[in-house]
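**Student:** I'd like to ask you about the structure that follows.
Throughout, read-outs are computed from the coordinates displayed, never taken from laboratory work. Note that the structure is a prediction, hence the values are computed from the model and not measured. No Cβ is skipped: glycine too gets one built from the backbone with ideal geometry, and neighbour counts run over all protein chains shown.
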Amino acid sequence: MVLEVPTKPGQVPDLKQRDVRETAGIIGNPTIGDFTAANHNHSNVAGGGTIAHGDLTSIGTKSHAQIDNHINGDGSDHADVATNTSDISTNVAAIALNTTHRGLVDEHLDWTASVGTIHADNYTDTNTDTTDHTAFSNIGTNSHAQVDTHMADATKHYIEATIDHTNITNIGTNSHAQIDAHIAGTDQTEIYKFQAGITSAAWTTIHTVTAGKSFYITNIIGYISTAGYFSIAIGAAASEVEIIRTKGIGDEINISLLTPIKITASTRISGTCSAGDTLYITLVGYEK
């Protein structure tokens with residue numbers, strides 16, 4: 001019961017029935033007859049009861065069942081931040097540097113059967129975890145087979161120890177053996193060819209150059225009985241060609257040649273003198 005207190009002169013207190021118990025101290029739950037006009041929903045319109053979370057406003061899009069499944073899951077939805085802080089801090093730079101690769105999913109899959117497929121426009125897969133080199137760009141004009149053949153060809157490349165000087169061009173006409181012999185002085189032989197009693201009757205042989213060598217005349221030494229002349233010729237008998245003739249020498253002969261006279265291999269050298277004279281002659285030089 002509720003006591004209404006008079007507010008104007010002459011009014012008397014009035015007792016009226018209300019929804020609140022008449023006792024001053026309310027014990028237990030109040031009994032509400034109807035919850036139809038309530039601003040929220042109860043499980044029982046007539047008798048009240050609990051309020052459903054789903055009947056409240058601003059509760060998000062996930063249900064309690066979804067939230068419970070997420071919280072009770074295996075952790076795959078959340079990185080273990082507590083135990084991986086060092087990895088996170090050390091990989092910040094790597095993450096920043098790889099922003100350009102985030103969109104290259106098709107071209108950069110780890111090719112295994114369980115991951116996915118390689119973009120068919122860029123690679124050729126043989127199901128052996130490898131790609132075909134010919135499917136790449138900027139691979140040059142020679143195939144791997146051509147490169148391998150070239151590298152394996154011993155006639156294309158030489159190491160220093162196997163280079164043969166005779167296989168090189170523009171090496172001249174003298175072999176290394178000839179060059180070495182010339183430098184060592186073993187390729188030439190000093191020659192002193194003496195011939196006595198040469199007369200005017202015919203060309204008398206003084207020397208025939210050794211086969212395979214040349215004879216270089218540096219000096220002519222001799223004696224002629226009078227002040228006549230003597231001659232030196234080259235060539236076979238009856239085909240002599242005079243190359244030297246001296247006149248008015250008389251007695252001793254000593255001629256030094258500033259430039260040696262070269263007589264080729266196997267050539268016959270002969271001499272003669274003026275009528276009535278006798279020639280004694282020595283050809284000095286070397287063969288090489």
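**Student:** Ranked highest first by the average count of other Cβ atoms within 10 Å around their residues, in what order do 236-244, 203-211 fall?
**Tutor:** Values: 236-244: 12.0, 203-211: 16.3.
Ranked by mean Cβ neighbours within 10 Å, highest first: 203-211, 236-244.
**Student:** Calculate, for Ser63 and Phe136, the FRET efficiency according to 1/(1 + (r/R0)^6) with r their C-beta to C-beta distance and R0 41 Å; round to the nearest 0.05.
**Tutor:** Details: r = 51 Å, r/R0 = 1.25.
Step by step, r from the Cβ atoms, then E = 0.20.
**Student:** Would you mind classifying segment 138-288 by shape? Square roots of the alpha carbon gyration tensor eigenvalues, ordered a ≥ b ≥ c; an a/c under 1.5 is rounded, otherwise it is prolate if a/b is larger than b/c and oblate if not.
**Tutor:** Details: a/c = 4.96, a/b = 3.91, b/c = 1.27.
Here segment 138-288 falls in the prolate category.
**Student:** I need the shape label for segment 159-219. Rule: rounded when a/c is under 1.5, else prolate if a/b > b/c, else oblate, with a, b, c from the alpha carbon gyration tensor.
**Tutor:** Values: a/c = 5.33, a/b = 3.32, b/c = 1.61.
Because a/c hits 1.5 or more and a/b exceeds b/c, segment 159-219 counts as prolate.
**Student:** Another one. Please work out the C-alpha center-to-center distance from segment 237-280 to segment 183-216 and express it in whole Å.
**Tutor:** Cα centroid to Cα centroid, the span is 12 Å.
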